[in-house]
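Below: one structure, written as structure tokens.
The values are calculated or read from the model by the stated rules, or taken from the named source; none is laboratory data. Fair warning: this is a prediction, and the values are worked out from it, not measured in the lab. Backbone-built Cβ (ideal geometry, glycine too); neighbour counts: all protein chains shown.
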Amino acid sequence: MTGKIVILTGAGISAESGLGTFRDKDGLWTRYDLEDVATPEGFHRNPDLVQSFYNARRANAAGASPNAAHTALARLERDHPGEVVIVTQNVDNLHERAGSRNVLHMHGELAGALCAACGARWTAPPEMHNDDPCPACKAPATRPDVVWFGEIPYHMDTIWEHLATADLFASIGTSGEVYPAAAFVQEAARNGAHTIEINLEPSATVSDFAETCFGPASQTVPQWVEAELDRHR
Ligand code: APR
């Protein structure tokens with residue numbers, strides 16, 4: 001019995017699948033102003049720019065494949081049924097394509113479309129445009145179903161419940177720069193969980209973790225999963 005394992009992932013876990021991160025030297029926020037493409041105000045100012053930004057990311061994610069880190073987490077979940085939950089900040093679906101089943105997308109998903117008029121959700125087409133009619137209310141108010149800065153992340157009640165009962169909290173591939181995700185480690189530790197940061201380099205919240213492991217996720221995550229499985233065989 002390992003107890004509940006809560007795993008937070010960020011863009012770093014998908015970096016070796018060819019999807020960009022945000023704050024690394026060649027990250028998305030070095031090429032785009034997040035105010036223009038990741039805020040409701042930016043969407044209101046220039047919806048075409050935002051739609052084309054997400055259409056490009058959707059196409060990029062569709063052409064990417066899960067890497068050994070995603071696959072290792074799926075194996076951990078299979079070997080510990082009902083005990084593993086992934087809380088991801090990522091909007092790609094590489095965890096699901098690697099076989100993970102219990103995944104909470106707190107920042108939404110590129111595969112989702114949302115009606116800004118009536119709140120209806122549906123599967124996003126490969127290319128989304130502003131005047132695409134909502135299938136429910138027919139309003140031309142289609143937007144990507146992703147959470148922008150200033151909006152409330154999804155699944156927060158469930159996430160806080162998981163953090164209250166976690167025995168192990170692992171953070172993988174995130175810079176610890178964005179809240180509330182950056183506060184999850186302190187919440188888990190406060191509730192008695194062991195905490196580990198698995199990242200390419202120390203994050204902004206590295207000092208909050210009991211344990212650290214640095215290196216590319218495709219190497220460090222399979223090693224960590226193997227060690228976890230050995231510990232509980
Ligand atoms: N293996 C492991 N970690 C990696 C790798 C790799 N191959 N490559 C990069 N990293 C690490 C970087 O060191 C960095 O700490 O991944 C982290 C990526 O940080 P960010 O680019 O800030 O991405 P993330 O933490 O997911 O951003 C959080 O900010 O802009 C918002 O909504 C966006 O969900 C995103 C949130």
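Pairs are defined by a Cβ separation below 6 Å, a sequence spacing of at least 6 or placement on different chains, a first member in the stretch 89-100 that is over 19 Å from residue 145 (Cα atoms), and a second member that is of a type in the set (Val, Ile, Thr) and within 16 Å of the ligand (Cβ to nearest atom); the pairs so defined are 98/71; 100/86. The criterion of at least 2 residues that are touching a Ser or Thr at 6+ places or on another chain (Cβ under 9 Å) is met by the following helices (runs of 4 or more DSSP H) wholly inside the stretch 122-233: 184-190, 217-231. Checking each residue in the stretch 129-147 for being touching a residue at least 60 places away in the same chain (Cβ under 8 Å), crowded, with 19+ Cβ neighbours inside 10 Å and not charged (D, E, K, R) picks out 144, 146.
Would you mind stating whether residue 38 is crowded, with 21+ Cβ neighbours inside 10 Å and under 23 Å from residue 180 (Cβ atoms)? Yes; evaluated as a whole, the condition is true for this residue.
Just so you know, in the stretch 77-102 the residues that are within 16 Å of the ligand (Cβ to nearest atom) and of a type outside the set (S, T, N, Q) include one that is surrounded by the fewest Cβ atoms within 10 Å (Cβ to Cβ), and it is 98.
Checked against the criterion of being more than 13 Å from the ligand (Cβ to nearest atom), in contact (Cβ under 8 Å) with a residue 24 or more places away in the chain and assigned by TED's automatic domain parsing to the domain that holds residue 222, the candidates 113, 59, 74, 11 yield just one match: 74. Within the stretch 168-183, track down each residue that is of a type in the set (A, V, I, L, M, F, W, C) and more than 11 Å from residue 197 (Cβ to Cβ). Listed by number, the residues that qualify are 168, 178, 181, 182, 183. Scanning the stretch 200-218 for residues that are more than 8 Å from the ligand (Cβ to nearest atom), exposed (fewer than 14 other Cβ atoms within 10 Å of the Cβ) and within 23 Å of residue 66 (Cα to Cα) gives a single hit, 214.
Just checking, which of 164, 136 is more than 16 Å from the ligand (Cβ to nearest atom) and within 24 Å of residue 54 (Cβ to Cβ)? Just a single option satisfies the conditions, and that option is 136.
Scan the stretch 22-56 residue by residue and report those that are touching a residue at least 40 places away in the same chain (Cβ under 8 Å) and of a type in the set (S, T, N, Q). Hits for the stretch 22-56 are 39, 51, 55.
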